[in-house]
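Every number here is computed from the coordinates shown, using simple stated rules; none is lab data. Owing to the predicted nature of the structure, the values given are computational and were not obtained by experimental measurement. Neighbour counts run over all protein chains shown; Cβ positions are idealised from the backbone, glycine included.
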Amino acid sequence: MKLPIFTPGTEMGLFQSFSIIIPARNEEKNIGVCLESILKNNYPQNKFEIMVIDDFSTDNTASIVNQYSQKYPHVHLIELKNIISGHINSFKKKAIEIAVDRSSYEWIITTDADCMVGKDWLKLFNAFINEKKPVFIAAPVLFTHQGGFLSLFQSLDFISLQGITAASVSAGFHSMCNGANLAYQKEAFFTVNGFQGLDKIASGDDMLLMNKFKKQFPGKIAYLYHPGSIVQTAPMGTWKNFINQRIRWASKATHYDDKKIFFVLLWVYLLNVFLFAVLIYSFFKPGLIVYWLGIIFIKTIIELLLMYPAAKFFNRQRQLWWFPLMQPFHIIYTVISGLFGSMGTYQWKGRKVH
């Protein structure tokens, strides 16, 4: 599905006010770059604030943010260690909830501490809000390619996910998004009772929240499809971190009220389980490998046709040449992450999450 690029009007119209919320845990290597990219936006500085919520970091994240807050009055640091004690199951959702409650402006934007935004990021959100009148906006995220097989694999996998997200949200089919690039009305956040009902789930600060908005505000969910709205982030540096990230994402699957999402994910998972089982069985019955390769060939062609518009949007068409070689690895990781995701336990940023 080829989507039209959003074309903002020549007039800026009303300048919306944004509270940009950034949960951060042990991000001393990234938080400065993230803040710099936001501060360089072509947007009135008095029309946005940046709220970094430090999630019990054990490095210099908080002190770096504090330096920025002394230089820029609209950069704020909130430290969870001064607010909550004891264990909760979702520190990130609690961090966002606290920041929304303390925010000054009518629109909330969330991103991650290891992300970089473009100089027209806020201007595009502003134009999109003025023209489309949504209450919840999903926007694109891109993994930068750092070189090497793992980086390329994640880049291709994420392009596929982002293509599906853009198409499904724009069509109103189901609720997909990424918390690294989201915007929603603060008033609407309170209307859907924020993360109430989701606070026992470790993940889901994005898609599960989006589903609440979709039920409460049908027809008011939109996707900002413009290259200038892309948020870039680095891929996971190790296979262990990559698998844990995907397990974290997969752990949300059973919590979707929107059964269309659940059954689509279940169908995709069962297809990969079938392909994995046939691949293993072909070692004992070699004749099966011909049928397996035939199915993989058809699957690859279909996926490439669906991925090409997204790859073109992200200017990553050349990476598609590697996509057929990634198929066995994609099948294996999908089976592993789905299996462990259903168990609901994984390691993330030094914490064991249940």
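Observations on the structure shown:
- Cross-link pairs K94/K123; K92/K212; K92/K312 - those with Cα-Cα distance over 22 Å: K94/K123; K92/K312
- Extending 7 Å from Cα along the Cβ direction at Q317 and again at F276 yields two label points whose distance is 3.5 nm.
- Approximate spin-label separation H87-N130, in nm, with each point projected 7 Å along Cα-to-Cβ: 5.0
- Annotation: amide H-H contacts under 5 Å for N60 (H modelled 1.01 Å from N, sequence separation of 5 or more, or interchain): E28.
- Charge-dipole axis of the range 18-242 as Lys and Arg at +1 and Asp and Glu at -1 on Cβ define it, positive-most pick from G172, A99, V192: G172
- Above-threshold pairs, the threshold being 29 Å between Cα atoms, out of K29/K119; K93/K240; K29/K240; K71/K240: K71/K240
- Rounded D (µm²/s) - the range 260-353, Kirkwood Rh over Cα pairs, Stokes-Einstein at 10 °C, 1.306 mPa s: 104
- Counting only residues at least eight positions apart within a chain, or on another chain, the aspartates and glutamates with an alpha carbon under 16 Å from that of K214 are E187, D205, D206, D257, D258.
- Most to least packed among 305-318, 15-28 [average Cβ atoms within 10 Å]: 15-28, 305-318
- Protection proxy ranking, peptides 151-159, 268-276, average beta carbon neighbours within 10 Å, highest first: 151-159, 268-276
- For the range 18-242, DSSP calls about 30 percent of its internal beta bridges antiparallel.
- Rounded if a/c under 1.5, otherwise prolate or oblate - the range 41-144, Cα gyration tensor axes: prolate
- Per-residue Cβ neighbour counts within 10 Å put M236, M176 in the sequence M236, M176, beginning with the fewest.
- Exposure proxy for H87, H226: other Cβ atoms within 10 Å of each Cβ, ordered fewest to most, give H87, H226.
- A full extension of the chain between F284 and L304 corresponds to an added length of 4.1 nm, given 0.36 nm per residue minus the alpha carbon distance.
- ³J(HN,Hα) computed for each position of the range 145-150 - Karplus, 6.51 cos²θ - 1.76 cosθ + 1.60, integer Hz, glycine/proline x: 8, 8, x, x, 5, 4
- Neighbourhood net charge (13 Å Cβ-Cβ; Lys/Arg +1, Asp/Glu -1) for S69: -2
- Helical mean residue ellipticity (222 nm; -39500 (n - 2.57) per DSSP H run of 4+; nearest 500) of the chain: -15500 deg cm²/dmol
- Charged neighbours of T110, selected by a Cβ distance under 9 Å, balance to -3 (K, R count +1; D, E count -1).
- Arranged from fewest to most other beta-carbon atoms within 10 Å of their beta carbon, T233, T238, T144 become T238, T144, T233.
- Sequence ranges 209-218, 73-82, 288-297, ranked by mean other-Cβ count within 10 angstrom, highest first: 209-218, 73-82, 288-297
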